Structures are given as C-alpha cells and as structure tokens.
Amino acid sequence: MKYFSTILFLLFGFAIAASAQTRIGYMDPQRVLDNLPEKEAIERQLNRFLDSREAEFEEKAIELQNMLARFQQEAPNLSEQETRRRQQELQRRDQELEEFQMRVQRELEQRQAELLGPILQEMNIIIESLATEMSLDYVLNEATSEGEMLLLFISDDGRERLSLTDKVIQRMLQ
C-alpha cells in the first residue's frame, strides 16, 4: 500500500510539474480576419459570384415551376405514357437544379479558399512566430467554427499575456 501511495504521489507530482511548464496561448482568427482591409474586397468578390449564380438558379427554378404548373394543369388530359414521361422530365430537371446548387456551393467554397488561402497562410506564419517568441507550447482557437467558445474561462492576467489576437492583427497590418 505504501508503495502504491508513493507511486501515486510521484505520478501526481510529475503531472503538476509537466502542466506548470506547459504554456498555452489562444487567439480568435475570425476577429483577425474581420480587422483586415482585404476582407471587404474578398466579400465583394464572393457576393458578385453568388449574385451571378443566383440569377441563373432563379431562372432555372422558375422554369421548373412553370413546367410543373403546366403539367398539373394538363395532367387530367394526358395519356399514362405521357404522364410518366413528363414526371420523369420534371424529376430530371429537379435533380439538375439540386446539382447546380451543390456545384455553386462547391465553387463558392473553392473561391473562398483561393482568396483566403494566402491570408490564412500568413496568419499561420505569424502565429508560429509569436508562439516561438512567447515560448508557447500550444495556441488554441478561442472558438469552434460554429462559434462555440473553447475557452470557458481565462483570468484577466492570462487574457493579457496569452492572447495572440491583437498581436497577429498588428503584424498582419504592417
């Protein structure tokens, strides 16, 4: 029992010593992006892209709605074979519309990655540089991509010493 207590005490002591040496910083990448002058230009480019695709989508959607309305109006007078053919055509057009929407979403994500890629790469280089300068072992993202906070509490002293956000913004604006 004494042996077990000694081992437990030593393990606990090592854990405390290891955690005391670990330095963790944190930052808010979204706040960094929000403070960059390039953000507005990127948003304008993405909005122009979406606007052009939205008009095309609306045109296709209206065409599909018109086809459906015509079909519903004419359905009682159609043969069974013609009814099936037109239902298949409606399904095909609906599928094309869904595929168009998914393709636009992929293209938007690709354009966003192309436009933000160099900025994010620069941000990562600056984060690594600051982490080295501050002797940090880890740098955490302050929130998840869904906006949920990862850091539930940080002291005022820790907030001043360990936040990299303002430092990254300053360096990116230089």
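The values are calculated or read from the model by the stated rules, or taken from the named source; none is laboratory data. All values reported here derive from a predicted model rather than from experimental measurement. Here Cβ is always computed from backbone atoms with ideal geometry, including for glycine, and neighbour counts include all displayed protein chains.
In segment 64-100, of all residues being assigned to a helix (DSSP H, G or I) and touching a Phe, Trp or Tyr at 6+ places or on another chain (Cβ under 9 Å), the one that is farthest from L116 (Cα to Cα) corresponds to T83.
Let's see how each residue does on (1) in contact with a helix residue (DSSP H, G or I) (Cβ under 6 Å, 6 or more places away or on another chain); (2) surrounded by 11 or more Cβ atoms within 10 Å (Cβ to Cβ); (3) modelled with pLDDT of 90 or more:
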| site | (1), (2), (3) |
| --- | --- |
| L140 | no, yes, no |
| T144 | no, no, no |
| E148 | no, no, no |
| L152 | no, no, no |
| G158 | no, yes, no |
| L164 | yes, yes, no |
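Remark: R159 falls outside the filter, which requires a residue to be over 21 Å from V32 (Cα atoms), part of a helix (DSSP H, G or I) and either touching an Asp or Glu at 6+ places or on another chain (Cβ under 7 Å) or not hydroxyl-bearing (S, T, Y) (or both). Would you confirm, using the coordinates I've provided, whether Q174 is at pLDDT 90 or above and among the polar types (S, T, N, Q)? So Q174 does not fit the description; no.
A single entry from A61, A41 fulfils the requirement of being among the aliphatic types (A, V, I, L, M), loosely packed, with under 13 Cβ neighbours inside 10 Å, modelled with pLDDT of 85 or more and within 30 Å of E114 (Cβ to Cβ): A41.
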